[in-house]
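To start, the structure under review is shown below, and the notes come after it.
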Amino acid sequence: MRCPLCNSRPAKRHCPALGQTICAVCCATKRLVEIRCPSDCGYLATSRQHPAAVTRRQHEQDVLLLTPALAELTDRQSRFFFLFQSIVARQPSDPLRPLVDSDVADAASSLARSLESASRGVIYEQRPQSLPAQDLAAAFRKAYEEVTSQLQGARTPLERDAAKAFDALAEAARRVGPLAGDSRAGFIELARRILKPSGEQPANDAPGDRGPGSLIIP
């Protein structure tokens, strides 16, 4: 019997939250991210005491998948990247119009072009095509404005840095999914794993998890 979540690995663990048997990998990587585990789940209790090797391997793989997108970013551009990635992880998804990686790439590319134009003194706003991408772009824009409204001085360097971060995010959204084996939402799932649900200590102190106020030092 195959796992109903990944449809590839053997299902060996009974999941009390789903009422189904799933594979060990999905149990470890989707626990408290996609699956609302009850507090009395034995696998959840064990994982908190002894993190599974598969979880560590998944984290290492996630870092490796993100590294190319971050390789040429400055520190401030990287902080923008993680801020925007955290927004992807938190973005609600309509079951009828689910957010997918192509929406993330579309929204990020649109904001990158708009900010590049603004840095040259040209007012131009490129709109994404799909409704989920438009909603995500609005969330990106709101977070960007909240951060930059707290800072004094010229906006042009910030616009350029944010545009670079959006370009990197779009590139990661296009590239990560196929490499991770999920071309539809592989990047979104990675973003959710890195962010971790509220109430849990993030695996890494990612810049995007510190809140807008401490994101950028001009």
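The values are calculated or read from the model by the stated rules, or taken from the named source; none is laboratory data. Fair warning: this is a prediction, and the values are worked out from it, not measured in the lab. For neighbour counting, all protein chains shown are included, and Cβ atoms are generated from backbone atoms with ideal geometry for every residue, glycine included.
For the structure I just gave you, tell me whether residue 32 is under 20 Å from residue 179 (Cα atoms) and touching a residue at least 60 places away in the same chain (Cβ under 8 Å). So residue 32 does not fit the description; no.
Of the residues making up region 97-117, those that are over 11 Å from residue 166 (Cβ atoms), without any contact (Cβ under 8 Å) to a residue 60 or more places away in the chain and surrounded by fewer than 20 Cβ atoms within 10 Å (Cβ to Cβ) are 97, 117.
Scan region 1-29 for residues that are assigned to a helix (DSSP H, G or I) and in contact with a helix residue (DSSP H, G or I) (Cβ under 8 Å, 6 or more places away or on another chain) and the total you get is 5. Could you please let me know if residue 39 is within 25 Å of residue 167 (Cβ to Cβ) and either polar (S, T, N, Q) or exposed (fewer than 15 other Cβ atoms within 10 Å of the Cβ) (or both)? Considered against the rule, which asks whether it is within 25 Å of residue 167 (Cβ to Cβ) and either polar (S, T, N, Q) or exposed (fewer than 15 other Cβ atoms within 10 Å of the Cβ) (or both), residue 39 comes out as no. Within region 118-143, the only residue that satisfies the criterion of being of a type in the set (Phe, Trp, Tyr) and surrounded by 17 or more Cβ atoms within 10 Å (Cβ to Cβ) is 140. Each residue in region 45-62 was checked for being surrounded by fewer than 14 Cβ atoms within 10 Å (Cβ to Cβ) and at pLDDT 75 or above, and 4 pass.
Conditions tested, residue by residue: (1) under 19 Å from residue 88 (Cα atoms); (2) surrounded by 21 or more Cβ atoms within 10 Å (Cβ to Cβ); (3) within 14 Å of the chain's Cα centre (by Cα).
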{"residue": "150", "(1), (2), (3)": "no, no, no"}
{"residue": "156", "(1), (2), (3)": "no, no, no"}
{"residue": "159", "(1), (2), (3)": "no, no, no"}
{"residue": "168", "(1), (2), (3)": "yes, yes, yes"}
{"residue": "175", "(1), (2), (3)": "yes, no, yes"}
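Inclusion of residue 60 among residues that are outside any loop (DSSP other than H, G, I, E, B) and assigned by TED's automatic domain parsing to the domain that holds residue 129 is warranted.
From the list 112, 138, the one residue that fits, being within 24 Å of residue 183 (Cβ to Cβ) and assigned to a helix (DSSP H, G or I), is 112.
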